1. Do we find that residue 135 is farther than 28 Å from residue 90 by Cβ, touching a residue at least 40 places away in the same chain (Cβ under 8 Å) and surrounded by 15 or more Cβ atoms within 10 Å (Cβ to Cβ) in this structure?
2. Assuming residue 315 fulfils every condition listed in (1) modelled with pLDDT under 80; (2) closer than 26 Å to residue 379 by Cα apart from one, which condition is it?
3. Give the residue that is farthest from residue 160 (Cα to Cα), with candidates limited to residues of segment 9-34 that are charged (D, E, K, R) and modelled with pLDDT of 70 or more.
4. Among the residues of segment 211-228, is any free of Cβ contacts under 8 Å to residues at least 60 places away in the same chain, exposed (fewer than 12 other Cβ atoms within 10 Å of the Cβ) and outside any helix (DSSP H, G or I)?
5. Residues that are free of Cβ contacts under 8 Å to residues at least 12 places away in the same chain, of a type in the set (D, E, K, R), surrounded by fewer than 17 Cβ atoms within 10 Å (Cβ to Cβ) and more than 17 Å from residue 322 (Cα to Cα): does segment 367-379 have at least one?
6. Could you tell me how many of the residues in segment 126-182 are in a helix (DSSP H, G or I), more than 24 Å from residue 108 (Cα to Cα) and either β-branched (Val, Ile, Thr) or in contact with a helix residue (DSSP H, G or I) (Cβ under 7 Å, 6 or more places away or on another chain) (or both)?
7. If you scan segment 111-125, which residues turn out to be part of a helix (DSSP H, G or I), open to solvent by less than 50 Å² (accessible area, probe 1.4 Å) and touching a residue at least 40 places away in the same chain (Cβ under 8 Å)?
8. So residue 194 ticks every box in (1) at pLDDT below 90; (2) hydroxyl-bearing (Ser, Thr, Tyr); (3) within 46 Å of the chain's Cα centre (by Cα) but one. Which box is left unticked?
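The values are calculated or read from the model by the stated rules, or taken from the named source; none is laboratory data. Remember, it's a predicted structure, so these values are computed and weren't measured experimentally. Note that each Cβ is placed from the backbone with ideal geometry, even for glycine, and that neighbours are counted across all protein chains shown. Please note that ligands, DNA and RNA were not included when accessible areas were found on the heavy atoms of the full protein model with its side chains. Shrake-Rupley method; radii C 1.70, N 1.55, O 1.52, S 1.80 Å.
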Amino acid sequence: MTGGRIADRLAGGLRTLPRTLGEALRAVPGILREDLWTVTRDPLPRMRWLGRLPHGHVVLFAVIMGSLSFAQYQEPARSGTIQGPVPLIWLVVLQAAAVLLALTRPIPAWWLSTTMLLVTALDMDDRVPAQLLYPWNFGQIALHTAVLFLLALRVRPRIAAEALILTLLVGALTSALASRLHQDGLGNAIVSFTTAVVVGAALRGRRVARTRLVEQEELTAEERARRTLLEERNRIARELHDVVAHHMSVISIQAQVAPHLAENPSDELRENLAGIRQNAVEALAELRRVLGVLRSEDALADGARHAPQPTLDRLDELVGTVRGTGITILTDVTGERRALPPGVELSAFRIVQEALSNVMRHAPGAEARVELGYRRHGLTVRVVNTTPDRPAPPSPGAGHGLLGMRERAAMLGGELTTGPTPDGGYEVVAVLPTDHPAPSAAAPETAEDPV
């Protein structure tokens, strides 16, 4: 780039700078009006551990500092040095009241306190003895420091900075308009006010960050629960595939064989049976396609994927396996044992399996009991364990067992109840109907394994 082009750009920038600066200055009154011209209520929140104890401390601080401010002017007032048109007591009381107002309405409280600082300084200019600070004494500085601190705790840092700058401008203005020399108190005020704003803004930022972190953790927990629910439903869908595929295959075979079992079947019957078989074959193909999507990220081996799904006929085998780990298990079957719909058999077996797994993980040394109750319209499954004889080791991650059992029961239109027993154990009770309407889509639930 040549020197001429650089010069042209610099000249253009210098011509643009006043215009930009002017626009910024014209925007300042609007920004200040939007930020500071409000009476919005913003109460100081309760603290988690201390409750409203800090509120009481603020009230006590306002009383003490107001008394200090009045006492610093009281001796000159007795000697007749301070005699102004505005009673001194009202100036002090109103500024102390600004601290109390800051507990609920910080911006109006700042306006009140700043106004009192201005009025007090102008009223006391030619009456304050040389030994007193001017434009404000220690009590006034402390009271306004509290107001700025309570303001910075609730508003954005930009608004707190604007309030600080305007306060310091008021101090500079009153010092410039002073009719005689005074002991300078503006330096102390600058340090105190700035510290209050910086500390308050930092504490507010910390509180906002903590609030956002809690909100993010809640969203993460909800997302984790939703993902867990979907994973459990996918697992259940994969397991039920064999059941549905079996029925569809039987329908297809029966539709193919039926014409050969009838004597002189009509063409309409052959055509209808062929259509039934064709629909069954297509439905089975679609089912396999959907299952392929569900199993696209399944890490199980092919042999495990396509193994027959278990039923209650394998309950003794399951109980024997768990007994091999050293747990005492009793079984009890009531009612007339009979073949149930495959979905009910599979869900009952998985509920018992998961409940016994929870006993092994969370109740070491406890005894377990498995009860099956065959009813006319369903099956009742109850797995209960006694009190563990030692603490359970910590379980890695969030448990999904209860969520999976609940989903299986809801899928069949049944119910699942879980909870501790009076003797310190834990029980899982599932009621699985054998004839039920299709369940409606349930909202995601969160559940954890018993501890």
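1. On the way: farther than 28 Å from residue 90 by Cβ: no; touching a residue at least 40 places away in the same chain (Cβ under 8 Å): yes; surrounded by 15 or more Cβ atoms within 10 Å (Cβ to Cβ): yes.
When the stated conditions are applied, residue 135 does not pass them.
2. Checking residue 315 against (1) modelled with pLDDT under 80; (2) closer than 26 Å to residue 379 by Cα, the one that fails is (1).
3. Top of the filtered list is 23.
4. Within segment 211-228, not a single residue is free of Cβ contacts under 8 Å to residues at least 60 places away in the same chain, exposed (fewer than 12 other Cβ atoms within 10 Å of the Cβ) and outside any helix (DSSP H, G or I).
5. Looking through segment 367-379, at least one residue is free of Cβ contacts under 8 Å to residues at least 12 places away in the same chain, of a type in the set (D, E, K, R), surrounded by fewer than 17 Cβ atoms within 10 Å (Cβ to Cβ) and more than 17 Å from residue 322 (Cα to Cα).
6. Restricting attention to segment 126-182, the residues satisfying the condition of being in a helix (DSSP H, G or I) are 138-154, 157-176.
If we keep only those that are more than 24 Å from residue 108 (Cα to Cα) too, we end up with 175-176.
Going one step further and asking which of them are either β-branched (Val, Ile, Thr) or in contact with a helix residue (DSSP H, G or I) (Cβ under 7 Å, 6 or more places away or on another chain) (or both), we end up with 175.
Of the residues in segment 126-182, 1 are in a helix (DSSP H, G or I), more than 24 Å from residue 108 (Cα to Cα) and either β-branched (Val, Ile, Thr) or in contact with a helix residue (DSSP H, G or I) (Cβ under 7 Å, 6 or more places away or on another chain) (or both).
7. Within segment 111-125, 114, 117, 121, 124 qualify.
8. (1)
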